[in-house]
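**Student:** Encoded as structure tokens, here's the structure I'll be asking about.
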Amino acid sequence: MRQNYTQLYAHCVWATWERMPLIVPDLQMPIYRAITAECRKLGCDALAIGGISDHIHLLISFPPSLAISSLMKQIKGSSSHLVTHQLNPGEFFKWQGGYSAFTLSSKDLDAIKAYIKNQASHHRKKQVVPDWELL
């Protein structure tokens with residue numbers, strides 16, 4: 001094989017500061033768009049994004065040259081900056097310092113996408129996957 005071939009996927013989850021309900025409906029889509037744009041800049045594909053008022057799930061494919069820690073630092077930093085400087089200046093908004101990240105196989109993509117896209121329903125019905133909600 002003359003060139004590298006990788007198929008790397010991660011399911012990332014992170015929360016707002018002290019799980020405060022800071023992702024109000026007016027902020028949700030702009031934050032998701034900013035995260036998607038930052039992923040693109042870093043050479044990743046955002047395959048699914050979703051969440052509720054206190055946390056976000058992101059499914060990405062990423063290149064082997066990018067560490068998950070660097071990706072998360074950039075995504076959280078750029079989205080927080082967007083909220084505090086453009087969307088809601090003067091209002092409190094902050095992410096928790098940590099995050100969770102899970103690698104997965106391509107055969108699991110559809111199930112993870114469905115879980116992420118239906119976050120509100122899963123939480124409302126209390127049908128969450130505990131390991132994926134740990135923060």
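**Student:** Per residue, how large is the accessible surface of the chain? Use a 1.4 angstrom probe and give square angstrom.
**Tutor:** For the chain, the per-residue accessible area is 58 Å².
**Student:** Using 0.36 nm per residue of separation minus the Cα-Cα distance, give me the extension gain between residue 52 and residue 109 in nm, one decimal. Intermediate values should be presented prior to the final figure.
**Tutor:** Details: separation 57, 0.36 × 57 = 20.52 nm, distance 2.05 nm.
Fully extending the segment from residue 52 to residue 109 adds 18.5 nm.
**Student:** If you only keep lysine pairs separated by 8 or more in sequence, or across chains, how many in the chain come under 24 Å at the Cα atoms?
**Tutor:** Here the count comes out as 17.
**Student:** In whole percent, how big is the carbon plus sulfur part of the accessible area of the chain, probe 1.4 Å, protein atoms only?
**Tutor:** The nonpolar share, carbon plus sulfur, comes to 52 percent.
**Student:** Helix-only estimate, please: 222 nm mean residue ellipticity of the chain, summing -39500 (n - 2.57) across DSSP H runs of length 4 or more and dividing by its residues, to the nearest 500.
**Tutor:** After summing the helix terms and dividing by the residues of the chain, the value is -11000 deg cm²/dmol.
**Student:** Still on this structure, please answer the following. What FRET efficiency comes out for the pair residue 45/residue 85, r = Cβ-Cβ distance, R0 = 22 Å, nearest 0.05?
**Tutor:** 0.25
The values are calculated or read from the model by the stated rules, or taken from the named source; none is laboratory data. Everything numeric in this text was worked out from a predicted model, so none of it was measured. Every residue, glycine among them, receives a Cβ derived from its backbone with ideal geometry; neighbour counts consider all protein chains shown. Surface accessibility is based on the protein's heavy atoms, side chains included, excluding ligands, DNA and RNA. Shrake-Rupley method; radii C 1.70, N 1.55, O 1.52, S 1.80 Å.
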